[in-house]
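Only one structure is covered here, and it is reproduced in the block below.
The values are calculated or read from the model by the stated rules, or taken from the named source; none is laboratory data. Predicted model only: the values in this text are computed from it and were never measured. Neighbour counts are summed over all protein chains in view; Cβ atoms, including those assigned to glycine, are modelled from backbone coordinates with ideal geometry.
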Amino acid sequence: MKLLEMLGYYNYWVFAILLAIGLYAVIRKTNLIKKLIGLSIFQSAVFLMYITMDKVEGGTAPIIQAGVENPIFSNPLPQVLILTAIVVGVSTLSLGLAMVVRIKECYGTIEENEILDAD
Amino acid sequence: MDLLAHLPALQVVVPMLSAPLIVMLQPRGLAWAGATAAALLSFAIAIALTFAVLDGQTLQYAMGGWPAPYGIALSVDAFSAIVLLVITGASSAALLAAKPSIDQQIESERQPLFYAAWLLVLSGLVGIVVAADAFNIFVFMEISSLASYILIAGGPNRRALPAVFKYLMMGTIGATFYLIGVGLIYMMTGTLNLADIQVRLSDVTDINPLLVAAGFITIGLALKAAVFPMHVWVPNAYTYAPHMVTVFLAACATKVALYVLIRFDYMIFQTTLADHQMQFAMFAMPLAIIGILVASSVAMFEGNLKRLLASSSIAQIGYILLGASFISIIGLSASAMHMFNHALAKGGLFLAVACLAYHYRDLRLSQLGGAGARMPWTCAAIVVCGLSLIGVPGTAGFISKWLLINAALQSGPWGWGLVAIILISSLMAVFYVWRIVEAIYFQAPIEEDAPKAEAPIQMLLVTGLVALLNIYFGIFPQVPLELANSAAALLLEGAK
């Protein structure tokens, strides 16, 4: 029973696993593009956490409808927050990619160890 | 219409709206003037806010008239005022002096965009300080970070690029950790307003998510604040950034993250989690001490002037954190004072470095021989700010070191050991500042009979002014001291 209960929170498990995968890629990979992919996975994990916590069982979109009494709504606020966080994530990713392009122009490589050797 | 009432919002809005406007300014040469005017205006706003909160009150502002906790709230108290003064002051001083140095380092067609990014950093940093809710702090943090990556990468040295990439990785991880912590708190309380979180957390019975949140937020902000051992992005980012950007960021960027860390911990976690004061002290104090000692010894043996000062910055972050870890009024006011005084000392030093760099392309200490004779005023400013960095009586640095030593003595049986550590690290500072003095005054000149060639007058004037302020606030520290004391009192009141 306890185990089933724990498995029931599978969204949070996926969040934790994605977080770890992303962090691993950021730390371990030497290719700068792969690092950025890791960073993206890392950020997406947090989106999943926010989206999961706003879900109310049986809840719908928070719109008042005629004829429905005492409707159950999912909390819309975390979705709005995460919309902002997604924008932040996209800007970070694009800025990071722009940096990689310039690093490639200046160093001719996007491998971290080769860049370190070049200086 | 009472303009004073809208100052907290204007503090953020002025630089933010100026940023796109100066990109469109014609002719393009006006970009610098526009950016400087916007920075000076926000400095003026910060000064007005400081006088409004000097007596220990807190200014509240509801965006669009929607009352908290439903609307977006801004608040300014004595602690915010100190940090606002540091941010806007550093940005104004750096921009006033910046033109010759930036003309040398950035191509003229990119300059309007560069100044726009500068103003975005400014508005993000002040936004962090005035925001009264956890999620807006995150958004402003990312605005300032993204723009500061652009500023640092703007320099002519290609090594800036990998440095920025590293900063971007670590900065984003830090911000995302913070976001996770905020999410967990929201999960438990259903609110993001800091004051409201504090109220509602007292009803929360399951504290495990809060402990996790405290961990994520502390680590995330410590990454942003470059607390040892999460400081590895600092030396390269500061060293290869354009010189004026280093002045601005070294004076305030990491301190703002530390400000959020202190505020969050004192206001939210220490009030609601049992034994959290102890946990915070046990976490922060060792990191602070190791950071001070390690970074100071790295600075003692560093050959590049900018990198030496960057290492010293990491040690100073340690002092600020050490003050906060005492959980006492005097410790907190030492922290707040050190934020102010270190910004003066390090801002002045980096301004002087920018002056040196106007003629010396290579900033390794071994290449700076003869600078004392060639640029006497610049080098005099380096000496004054260096003394303030060490904490010699009569300079601003002395005040905060003195407070810190007092706080250490009152902190309990370990106090004497801490005082010894502060004194040892001050001796290390004497050592590395002396190395700079030796390099510029007593080293054999690289070129014989180089003509006297000072930096442009506007850079010299600002550098000289900051150096004099180091002495002024060493002799008349009343205003920042009063602010720091009421900031500390407010923070501890929140923690009770």
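Close Cβ contacts (under 8 Å, 6 or more residues apart or on different chains) running from residues in the stretch B:405-432 that are under 16 Å from B:Met300 (Cβ atoms) to residues that are part of a helix (DSSP H, G or I) and among the charged types (D, E, K, R) comprise B:Ser426/B:Lys401. Taking the stretch B:147-160 as the range and being surrounded by fewer than 23 Cβ atoms within 10 Å (Cβ to Cβ) and free of Cβ contacts under 8 Å to residues at least 24 places away in the same chain as the test, only B:Arg158 passes. The set of residues in the stretch B:255-293 being among the small types (Gly, Ala, Ser) and either in a helix (DSSP H, G or I) or within 21 Å of B:Leu85 (Cβ to Cβ) (or both) consists of B:Ala257, B:Ala281, B:Ala284, B:Ala288, B:Gly291.
State yes or no: is B:Phe140 within 30 Å of B:Ile102 (Cβ to Cβ), more than 10 Å from chain A (Cβ to nearest Cβ) and either assigned to a helix (DSSP H, G or I) or not acidic (Asp, Glu) (or both)? It would help to see each step written out before you state the result.
Working: within 30 Å of B:Ile102 (Cβ to Cβ): yes; more than 10 Å from chain A (Cβ to nearest Cβ): yes; either assigned to a helix (DSSP H, G or I) or not acidic (Asp, Glu) (or both): yes.
Yes.
The residue that is farthest from B:Tyr266 (Cα to Cα), among those in the stretch B:454-470 that are hydrophobic (A, V, I, L, M, F, W, C) and surrounded by fewer than 16 Cβ atoms within 10 Å (Cβ to Cβ), is B:Ile457.
Look at B:Ala175 and say whether it is modelled with pLDDT of 90 or more, more than 10 Å from every other protein chain (Cβ to nearest Cβ) and in contact with a helix residue (DSSP H, G or I) (Cβ under 6 Å, 6 or more places away or on another chain). Let's see the steps before the verdict.
On the way: modelled with pLDDT of 90 or more: yes; more than 10 Å from every other protein chain (Cβ to nearest Cβ): no; in contact with a helix residue (DSSP H, G or I) (Cβ under 6 Å, 6 or more places away or on another chain): yes.
When the stated conditions are applied, B:Ala175 does not pass them.
Total residues in the stretch B:106-125 satisfying the condition of being β-branched (Val, Ile, Thr) and at pLDDT below 95: the figure is 1.
If we scan the stretch B:20-33, do we find a residue that is within 26 Å of B:Met141 (Cβ to Cβ) and within 24 Å of the chain's Cα centre (by Cα)? So far as the stretch B:20-33 goes, no, none of its residues is within 26 Å of B:Met141 (Cβ to Cβ) and within 24 Å of the chain's Cα centre (by Cα).
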